[in-house]
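Contents: one structure, followed by commentary.
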Amino acid sequence: MQVASEVLDRVLRGLGQKDRQSLLESIDMAEEAVIFGSYACGCERPDSDFDLMLVGTGRRIKTKKLDLIWVPKERLVLKSWLRTELATHIAAYGAWVKGDGTWKRRVEITKYTMNKKRLKILIALSHIYVKRADLSDISRYDLLNKVVLDILRLSYLVNKRPVPPSALIKLEFGSCDPETMLCLAKELLGDGGLVLLEQAFFCLDKSRFWRDYISPVS
């Protein structure tokens, strides 16, 4: 894992003035600041945004280059935070710029974590199913990319593993094939979830999808 200060310096050099000012002001206001996602693991791509969790009270900032999220300090001790996918990810992969992250020792992956992710997937699949007649093939591929990545993320959670950045997920699963995805869907979502996934892919090329969206890691 890269040193957080080195990552931050490199990111700052690549930002425009407005984003740079927003980032520095946010870190200065926060009690704690931690890099997560691809930049924390050194697997970022040219189009990756810079993810930073800040502890305290501030304004969410989301641009093409930045995604700054705030978590109130009092929430860090609550199970509703400690059992989230994000908290377990940051505890495992985060790089602290400021603060010591003492809360990370109390995170845990539970049925709550898994069920929340499972529900998100099923809602997304239901949406694609209902809207599929109005969606272009490209739109469906893009939506399915998010859903399939979430299915792969759920497989980590079910195995009590923190979810890594997307690039590392693709590195692990990219050499598999669409049948792996279908088997996982049945195992993790049940027969109903598998039917929804099959319907979402209706008339689409699963092999093309896997090749174009999941296999590439560079």
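Coordinate-derived values only; no laboratory data. Being a predicted model, the structure only gives us computed values, none of them experimental. Quick reminder, even Gly has a Cβ in these numbers, built from the backbone with ideal geometry, and neighbours come from all protein chains shown.
Bridges between two residues of the chain, per DSSP, are antiparallel at a rate of about 60%.
For the range 111-214, a crude dipole built from +1 on the beta carbon of Lys and Arg and -1 on the beta carbon of Asp and Glu, taken about the Cα centre, is about 520 debye to the nearest 20.
How much length would be gained if the chain were fully extended between A133 and R59, taking 0.36 nm per residue of separation minus their Cα-Cα distance, in nm to one decimal?
The A133-R59 span can extend by a further 22.9 nm.
With 18 Å as the limit, the listed pairs K18/K73; K116/K160; K170/K206 have K18/K73 beyond it between alpha carbons.
Per-residue extension of 0.36 nm, minus the Cα-Cα distance of K18 and C176, leaves a gain of 52.7 nm for this segment. Relative to the globular-protein estimate of 2.2 N^0.38 Å, the Cα radius of gyration of the chain stands at 1.08.
Averaged over residues, the count of other Cβ atoms within 10 Å places the peptides 148-157, 104-113, 188-197 in the sequence 148-157, 188-197, 104-113, highest first. Stretching the chain fully between K79 and S5 yields a gain of 23.7 nm (0.36 nm per residue, less the alpha carbon separation).
Which order results if R10, R132 are arranged by neighbouring Cβ count within 10 Å, fewest first? The partial results should precede the final answer.
Working: R10 13, R132 17.
Starting with the residue having the fewest Cβ neighbours, the order is R10, R132.
Note on the chain: with charges restricted to the Cβ of Lys and Arg (+1) and Asp and Glu (-1), its dipole about the Cα centre is near 520 debye. Of the beta bridges in the range 4-106, as assigned by DSSP with both residues counted there, near 60 percent are antiparallel.
Each residue, S48 and L204, gets one label point 7 Å from its Cα in the Cβ direction; the gap between the two is 2.5 nm. In whole angstrom, how far apart do the alpha carbon centroids of the range 162-217 and the range 28-60 sit? When both Cα centres are located, 27 Å separates them.
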